[in-house]
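The block underneath contains the structure these notes are about, expressed in structure tokens.
Any read-out appearing in this document is the output of simple, stated calculations on the displayed coordinates, not a laboratory observation. These numbers come from a predicted model, not from an experiment. Note: ideal-geometry Cβ built from the backbone for every residue, glycine included; neighbour counts use all protein chains shown.
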Amino acid sequence: MNIKELLAMNYKELQDDIQSIKTLMERSSKFISLSGLSGILAGLYALGGTAVAYWVLSDHYTGLVRGQGIHGFAIIFKLFLIALAVLVLSIVTGIFLTVRKGIKKGQSVWNPVSRNLLSTMLVPLVSGGLFIFILAFKGQHAYISASCLIFYGLALFSASHFTYDDIKWVGIIEIFLGLGAALFPGWGLWFWAMGFGIIHIIYGSIMYFKYDR
């Protein structure tokens with residue numbers, strides 16, 4: 001074996017070592033057990049919720065369908081239950097699939113990185129939730145969809161520091177959709193469906209084929 005071959009072999013071994021170190025550092029600083037499939041299912045839940053909300057709103061000729069205001073406690077309560085059902089289904093599915101992926105990869109799901117991820121997301125999510133309740137209490141229902149998208153986008157953008165970088169771009173898209181919903185409040189349902197439905201399905205599919213297979 002000549003010097004060139006020896007150097008080439010040593011260089012390849014060095015590259016492999018660097019890649020191994022990089023992978024270990026990523027695993028220790030990034031939460032990589034997020035499931036792309038959970039994003040797809042969350043998007044499908046959101047589209048199903050949108051269909052039910054459209055049916056409810058169509059019966060009352062109200063804002064998110066015809067550009068008028070939402071009136072009446074009964075219809076607001078129905079919309080709240082629909083959103084709550086979508087949220088609970090998405091969270092339960094996300095936790096189940098994330099834990100399953102973590103087990104397959106031999107990784108602990110509850111660790112310092114996942115705790116940092118959760119705490120980072122909770123600040124915009126909790127503040128956003130309180131702000132949305134204030135809007136509902138004040139009767140400013142036209143901007144609830146916009147607020148959901150904007151605060152959710154901020155949460156994803158913050159969380160991207162502790163997980164896949166792709167999350168950052170999803171967060172930015174959600175923020176812009178929220179701004180669009182604020183600009184056109186009569187179309188809030190459709191912006192909500194795009195942000196929580198279509199974008200989740202697209203993002204989840206990319207994540208699935210990129211990281212889960």
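Values computed for the structure shown
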read-out	value
Added length on full extension, which subtracts the Cα-Cα distance from 0.36 nm per residue, ALA74 to TYR54	5.7 nm
Label-point separation in nm, PHE137 to LEU179, each point 7 Å along Cα→Cβ	2.9
Cα-based shape type of the range 110-212, given that a ≥ b ≥ c are square roots of the gyration tensor eigenvalues and the cut on a/c is 1.5	oblate
Charged-residue dipole, Cβ positions (Lys, Arg, Asp, Glu), the range 34-212 about Cα centre, Debye nearest 20	320
Highest average packing first - 34-44, 124-134, Cβ atoms within 10 Å	34-44, 124-134
More than 23 angstrom apart: percent of Cα pairs within the range 34-212	39
Residues SER205 and LEU87, FRET efficiency given R0 of 22 Å [Cβ-Cβ distance, rounded to 0.05]	0.55
